Amino acid sequence: MPQMRTDIRTITTDCPTHASSLNDTYAQELDTEVLIVGAGFGGVYLLHKLRELGFKCKIFEAGKELGGIWHWNCYPGARVDTQVPIYEYSIEEVWKDWTWSEKYPGFAELRKYFEHVEKVLDVKKDVEFDTRVVSAQFDKPSSRWIVRTEDGRTARAKYFMLATGFAAKRHFPDWKGMESFKGEIHHSSFWPEGGVDVRGKRVAVVGTGSTGVQIVQETSKDAASVTVFQRTPNLALPMRQAKLSREEQMERKKEYPEVFKNRMTTFAGFQYDFIERNTFDDSSEEREQFYEKLWAAGGFKYWLANYKDLLFDKSANDQAYDFWAKKTRARISDPVKRDILAPLTPPHAWGTKRPSLEQNYYEQLDKEENEVVNIKETPIEEFTETGIRTADGKLREFDVIALATGFDSVTGGMKNMGLKDVDGVELSEKWKMGTWSYLGMTCSGFPNMFFLYGAQGPTAFSNGPSCVECQGDWIVDAMAKLREEDIKYIDATREAEEGWRQKVTEISDKTLFPGTSSWYMGANIPGKPREQLNYAGGIPLYKKECLDSLNNGFAGFITV
């Protein structure tokens, strides 16, 4: 395989190459009823549902294929952390003939899923690929959104929808000398489509979120060594991956309508929920048995089907952490690595950072040739031509560096699109000191603009497709009502935004989330306001709040 050097200075604009677009109708002046940005789970769902109601829709997509994050993600080991069929559309014509090969599919299979979605729903005829939005503003006289693209085109639309996801803006820490490294260096979200040959090479992985965990597991199979630079340990859970047969899935299809209906009744849109008992309602023996059962089941059960006070009571949370540490430490023979990866003292309340699902992460790092560097104790000082130097003066040399440094999550994508309110004020300016939205789907001063899977919705506390369908259905119902009542445009009030922000904060403050520096709280980006970016009340309560507004004559909105 040829060397695929990626210049760190251009890494944020390069993108992997996929199959060429089938859609060449890139009108210089596009006029449509609904313009959607993003062709992942959210954008495709909105397009399908709105087309069913007769709306004329178009999607602008920066990439070259459908799939959103699954179009971009091709780093080693990339896979979803939610088991199927929970992680798929509830649309019957899509699921009835589709089966998966394993419980937690990898990126290649998720791309095939979106190919299947295209065959069934005929999405691409209304998608313009290679199209990046750089500015958008609502024009009151014409009641139209004026949207401009990076390549100089203009679109006008009555309704403007943002389905850009919560991980649309990559984050690069400002480390000295990154551009000087002579080996291969790639951000996980811009991994070369053809992969990177790590056989016999020295690999560094910077970051230990879910991406870092997955890269470590995969590259450790072939690399000469893997060195992980860890700021905070990932309190990961066993995935319990398993193969699935077509026969067992087809047999289970008759249950799918009920499965999809039930997932919307749970806190996080999964197939299970917290139990109606508190941690200390059980004896220590009963508690141990319960934890063991959840642990054996694997996936997020130990997180989201645990005692109902897990994320509210510190003493209860400590019990869950102690069990996690006992189980995890038993898998690590190296005492130094054991204390870095699974310390006896909790680094933060368990579950207040999204735990990753791992298959053999701890066993791989336990190998003698692999190393874990605690960069809280010895921070990264600089990148050199040959590797990474830490504050203790030690230079570690590498052939390949993987930057699993995450994203300016939840709000970064929307703040980076050149969105302006009716008075010409940029959204990035309005959100500079904090985030304001109404219902996690609208913003004051941005009439007829809706967004999903973003700020102040259930987003990061939920299963993606569940959140997308919950919010997507509300947006579609709202638009049907607007058309029915001949409403020209709708705009959230500033008071409604203030009330929603207060509600999001109050719910969060009852939990243990605010005590942890996480991307949930915006704490992973220097200078970003520390605040709860997600609605922590669960999907059923969120759905009720949104329906109350819709059923009470668009309460919280000005209608014209």
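Which residue, of LYS301, LYS314, LYS293, is charged (D, E, K, R), in contact with a Gly (Cβ under 9 Å, 6 or more places away or on another chain) and over 28 Å from ALA402 (Cβ atoms)?
The unique qualifying residue is LYS314.
I'd like the residue in segment 318-337 that is charged (D, E, K, R) and not in a helix (DSSP H, G or I) and, out of all such residues, is farthest from the chain's Cα centre (by Cα).
Checked segment 318-337; the qualifying residue farthest from the chain's Cα centre (by Cα) is ASP334.
Give LYS327, LYS353 a once-over and let me know the one that is within 25 Å of LYS308 (Cβ to Cβ), touching a Ser or Thr at 6+ places or on another chain (Cβ under 6 Å) and in contact (Cβ under 8 Å) with a residue 24 or more places away in the chain.
It is LYS353.
If ARG240 satisfies all but one of (1) on the phi > 0 side of the Ramachandran plot; (2) among the charged types (D, E, K, R); (3) in a helix (DSSP H, G or I), what's the number of the condition it fails?
Result: ARG240 passes all but (3).
In segment 213-237, which residue that is in a loop (DSSP other than H, G, I, E, B) and among the charged types (D, E, K, R) is surrounded by the most Cβ atoms within 10 Å (Cβ to Cβ)?
For segment 213-237, the residue satisfying everything is ARG231.
Which pairs turn up if I take residues in segment 309-323 that are in contact (Cβ under 8 Å) with a residue 60 or more places away in the chain and look for partners that are hydroxyl-bearing (Ser, Thr, Tyr) and assigned to a loop (DSSP other than H, G, I, E, B) with beta carbon separation below 8 Å, at least 6 apart in sequence or on another chain?
From segment 309-323, the pairs are LEU311/THR352; LEU311/THR511; PHE312/THR511.
Which of the residues belonging to segment 108-152 are within 16 Å of ASP423 (Cα to Cα) and touching a Lys or Arg at 6+ places or on another chain (Cβ under 9 Å)?
Answer for segment 108-152, where residues must be within 16 Å of ASP423 (Cα to Cα) and touching a Lys or Arg at 6+ places or on another chain (Cβ under 9 Å): SER135, ALA136, GLN137, PHE138, ASP139, SER142, SER143, ARG144, TRP145, ILE146, VAL147.
Can you pull out the strands (runs of 3 or more DSSP E) entirely within segment 102-206 that have at least 2 residues that are at negative phi, exposed (fewer than 14 other Cβ atoms within 10 Å of the Cβ) and among the basic types (Lys, Arg)?
none
Yes or no: GLN83 more than 30 Å from LEU237 (Cα to Cα) and touching a Lys or Arg at 6+ places or on another chain (Cβ under 7 Å)?
no
Considering segment 298-317 alone, what residues qualify as being of a type in the set (Lys, Arg) and outside any loop (DSSP other than H, G, I, E, B)?
LYS301, LYS314
Does GLY269 qualify as being at pLDDT 95 or above, in contact with a Lys or Arg (Cβ under 9 Å, 6 or more places away or on another chain) and on the phi > 0 side of the Ramachandran plot?
yes
Yes/no matrix, rows are residues, columns are (1) at pLDDT 80 or above; (2) touching a Ser or Thr at 6+ places or on another chain (Cβ under 9 Å); (3) assigned to a loop (DSSP other than H, G, I, E, B):
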residue: SER21; (1), (2), (3): no, no, yes
residue: THR25; (1), (2), (3): no, no, yes
residue: ARG51; (1), (2), (3): yes, no, no
residue: GLY54; (1), (2), (3): yes, no, yes
residue: GLU65; (1), (2), (3): yes, yes, yes
residue: CYS74; (1), (2), (3): yes, no, yes
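Those residues that are surrounded by 22 or more Cβ atoms within 10 Å (Cβ to Cβ), in contact with a strand residue (DSSP E or B) (Cβ under 9 Å, 6 or more places away or on another chain) and not in a helix (DSSP H, G or I), I need them from segment 338-357; list them, please.
The answer is LEU357, and nothing else.
Does any residue in segment 504-529 that is within 18 Å of THR405 (Cα to Cα) and of a type outside the set (Gly, Ala, Ser) come within less than 6 Å, Cβ to Cβ, of a residue that is modelled with pLDDT under 90 and loosely packed, with under 15 Cβ neighbours inside 10 Å six or more places away or on a different chain, and which pairs are these?
Going by the 6 Å Cβ cut-off, the qualifying pairs are MET521/ARG530.
Does segment 273-296 include one or more residues that are within 22 Å of THR208 (Cα to Cα) and touching a residue at least 12 places away in the same chain (Cβ under 8 Å)?
Within segment 273-296 (the criterion being within 22 Å of THR208 (Cα to Cα) and touching a residue at least 12 places away in the same chain (Cβ under 8 Å)), the answer is yes, since at least one residue qualifies.
Which one of these is modelled with pLDDT under 95, of a type in the set (Gly, Ala, Ser), in contact with a Gly (Cβ under 7 Å, 6 or more places away or on another chain) and buried (at least 20 other Cβ atoms within 10 Å of the Cβ): SER409, SER462?
Just one listed residue meets the conditions, SER462.
Can you confirm whether THR378 is assigned to a loop (DSSP other than H, G, I, E, B), closer than 14 Å to VAL228 by Cβ and among the polar types (S, T, N, Q)?
yes
Scan segment 358-370 for residues that are assigned to a helix (DSSP H, G or I) and under 23 Å from the mean Cα position of the chain (by Cα) and report the count.
1
Of a type in the set (D, E, K, R), modelled with pLDDT of 95 or more and over 23 Å from ALA163 (Cα atoms): which single residue out of GLU495, GLU545, GLU469 fits that description?
It is GLU495.
The values are calculated or read from the model by the stated rules, or taken from the named source; none is laboratory data. This structure is a prediction, so every number in the text was calculated from the model and none was measured. Positions of Cβ are backbone-derived with ideal geometry, glycine not excepted, and every protein chain shown enters the neighbour counts.
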